[in-house]
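Novice: The structure under discussion is supplied below as structure tokens; questions concerning it will follow.
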Amino acid sequence: MIKYSELKKGGYVMANADGDIRRGEIEDLNNSDKQVCVNTGVQGFWFETEQLSPIELNEKELMNFKFHKEVKEDGTIKYMKGAFRMLIPKEGDFSRMEIWYRDEQRHFEEPIALHIFQNHFFAMTKVFLNTGSFD
């Protein structure tokens, strides 16, 4: 389950409609009923937060958002999109990370979900991170 307060328009989550689990993008939020409209490819459907689950942040997700990858000499991996940067300790290890954009830096000592990463990206860049984001 995901906390309602973590959800923002444009975030990606997994939505469970009676056992049919699909990836989707949040289109709208109903604050009074704490329901979330998720478009799973055809149209938006309303879900309770108990029907939503996070998507793991990994290299495949970053590549979908057109991040560029650089393997550093010390084995760390840097991902870049415009002036935004992310550094992880080694290939495939998203258990800890550092992200930065211009003068702002943030450190994470545990894995974060894709929608949380999108929230941080937006807070730092003022640009929504989706497949149409700047290159």
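Novice: Working out 0.36 nm times the residue gap between ASN64 and VAL42, then minus their Cα-Cα distance, what length gain in nm do you get to one decimal?
Specialist: Full extension of this stretch gives 6.0 nm more.
Novice: Can you give me the angle between helix 114-125 and the longest principal axis of the chain, using Cα atoms only, in degrees from 0 to 90, rounded to the nearest 10?
Specialist: Helix 114-125 sits roughly 60 degrees off the main axis of the chain.
Novice: Treat the count of other C-beta atoms within 10 Å as a stand-in for reagent exposure and order PHE65, PHE117 from fewest to most.
Specialist: Numbers: PHE65 19, PHE117 24.
Ascending number of Cβ neighbours within 10 Å: PHE65, PHE117.
Novice: What are the residues whose amide H is under 5 Å from the amide H of CYS37, where those residues sit 5 or more places off or on another chain and H is modelled from the backbone?
Specialist: Amide H neighbours of CYS37, under 5 Å, 5+ apart: GLU27, ASP28, LEU29, ASN30, PHE47.
Novice: Rg over Rh of the stretch 59-125, using C-alpha atoms and the Kirkwood radius, what does it come to?
Specialist: 0.92
Novice: A further question follows. Taking only the alpha carbons of the chain, what extent do you get along each of the three principal axes, in Å, biggest first?
Specialist: The Cα atoms of the chain stretch 48, 28, 26 Å along their principal axes.
Novice: Of all the Cα-Cα pairs you can form in the stretch 4-53, what percent are over 12 Å apart?
Specialist: Summing the P(r) tail past 12 Å for the stretch 4-53 gives 55 percent.
Novice: Below 11 angstrom from the Cβ of THR49, what's the summed charge of the other residues (Lys, Arg +1; Asp, Glu -1)?
Specialist: -2
Novice: Hey, another quick one. Give me the number: length gained by fully extending LYS72 to LYS3, i.e. 0.36 nm times residue separation minus the C-alpha to C-alpha distance, one decimal in nm. Walk me through the numbers before you get to the answer.
Specialist: Values: separation 69, 0.36 × 69 = 24.84 nm, distance 3.56 nm.
Here the segment from LYS72 to LYS3 would lengthen by 21.3 nm.
Novice: Any idea how far apart ALA123 and ARG22 come out in nm if each label point goes 7 Å out from Cα toward Cβ?
Specialist: Placing both labels 7 Å along Cα→Cβ, they lie 3.1 nm apart.
None of the figures in this text is laboratory data; all of them are computed from the coordinates on show. Since the structure is predicted, the reported quantities are computational estimates derived from the model, not experimental observations. Glycine gets a Cβ as well: all are built from the backbone with ideal geometry, and neighbour counts include every protein chain shown.
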